[in-house]
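Novice: Take a look at this one; I'll ask things after.
The values are calculated or read from the model by the stated rules, or taken from the named source; none is laboratory data. None of the values given here were measured: they were computed from a predicted structure. Every residue, glycine as well, gets a Cβ built from its backbone with ideal geometry; the counts of neighbours run over all protein chains shown.
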Amino acid sequence: MSDIIILIFATNLKGSENMQYCIVLFPSNELTEEANAYRMRYDSESEIIPPHIKLDQPFEADEQFISELSSRLKLIASTTKEFTVTVNKISTLFPQHDVLCYKVNPSTELVELHKNICKELPCEIKNGNFIPHIIIGQNLSHDEQSDVLAQIKMGAPKFEESFSSFSLLRQNENEKWEIIKTYQFGC
């Protein structure tokens, strides 16, 4: 069983008391290890953050908003039931983004969690389609990305990921992330 971890990216914006935040899910250890095998070679951000499924785009907020959001995230977790998603394809998000990724087949429960969290966030980040994925390569040239994709596309394993919790994380001064609080589903 995997934990969903709500990752709040926290980066202090110069001259502002606001921080930059984002909410993500973390996959199981098995999928994390598989993704990291690619990320060590093809993802320049592999040391900053573990493999994850981003639930929405980064947003700016202050500590008061995050404190209030934390209470609402607890409520969301209490009404969310464990769910499963399938990950079974390596692809790209080109032309929107030049990244290699595992495509996540969104379950009804994952989409519902995404919508519930989006309701609690500033309205300017609610735009766009929700395309759940786990990045395994980025900051590659388009040609390099195409070559790598052709090599690894056929070997994509299938994962069934079960999620039962999520956590708040904060970015340290060294740009690494730490868990602030974990919320169990149904509690």
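Novice: For segment 21-120, which strands (runs of 3 or more DSSP E) that fit wholly inside it have 3 or more residues that are closer than 16 Å to residue 134 by Cβ and in contact (Cβ under 8 Å) with a residue 40 or more places away in the chain?
Specialist: Correct list: 83-92, 99-105.
Novice: Go through segment 150-187 and report how many residues are surrounded by 19 or more Cβ atoms within 10 Å (Cβ to Cβ) and at pLDDT 80 or above.
Specialist: 4
Novice: Which one is farthest from residue 116 (Cα to Cα), of the residues in segment 20-38 that are aromatic (Phe, Trp, Tyr) and touching a strand residue (DSSP E or B) at 6+ places or on another chain (Cβ under 7 Å)? Give the steps one after another, and end with the answer.
Specialist: Filtering segment 20-38 down to residues aromatic (Phe, Trp, Tyr) leaves 21, 26, 38.
With the extra rule that they be touching a strand residue (DSSP E or B) at 6+ places or on another chain (Cβ under 7 Å), the set shrinks to 21, 38.
Details: 21: 17, 38: 32 Å.
Residue satisfying both the conditions and the ranking: 38.
Novice: So which residues in segment 136-187 are part of a loop (DSSP other than H, G, I, E, B) and hydroxyl-bearing (Ser, Thr, Tyr)?
Specialist: Of everything in segment 136-187, those that are part of a loop (DSSP other than H, G, I, E, B) and hydroxyl-bearing (Ser, Thr, Tyr) turn out to be 141, 164.
Novice: Looking for something in contact with a Pro (Cβ under 6 Å, 6 or more places away or on another chain) and modelled with pLDDT of 85 or more - is there at least one such residue anywhere in segment 131-141?
Specialist: The answer is yes, given that some residue of segment 131-141 is in contact with a Pro (Cβ under 6 Å, 6 or more places away or on another chain) and modelled with pLDDT of 85 or more.
Novice: Output the number of the condition that residue 144 fails; it satisfies all remaining conditions of (1) surrounded by 12 or more Cβ atoms within 10 Å (Cβ to Cβ); (2) farther than 30 Å from residue 155 by Cβ; (3) without any contact (Cβ under 8 Å) to a residue 12 or more places away in the chain.
Specialist: Failing condition for residue 144: (2).
Novice: I'd like to verify a number: residues in segment 1-42 that are among the hydroxyl-bearing types (Ser, Thr, Tyr), at pLDDT below 65 and within 18 Å of the chain's Cα centre (by Cα), how many? So that I can check it myself, show each step before the final result.
Specialist: Of the residues in segment 1-42, the ones among the hydroxyl-bearing types (Ser, Thr, Tyr) are 2, 11, 16, 21, 28, 32, 38, 42.
Okay, now just the ones that are also at pLDDT below 65, so 2, 11, 16.
With the extra rule that they be within 18 Å of the chain's Cα centre (by Cα), the set shrinks to 2, 11.
Residues meeting the conditions: 2.
Novice: Related question: Can you name the residue in segment 54-81 that is surrounded by 15 or more Cβ atoms within 10 Å (Cβ to Cβ) and small (Gly, Ala, Ser) and is also nearest to residue 25 (Cα to Cα) among such residues?
Specialist: Looking at the filtered set, the residue picked out is 77.
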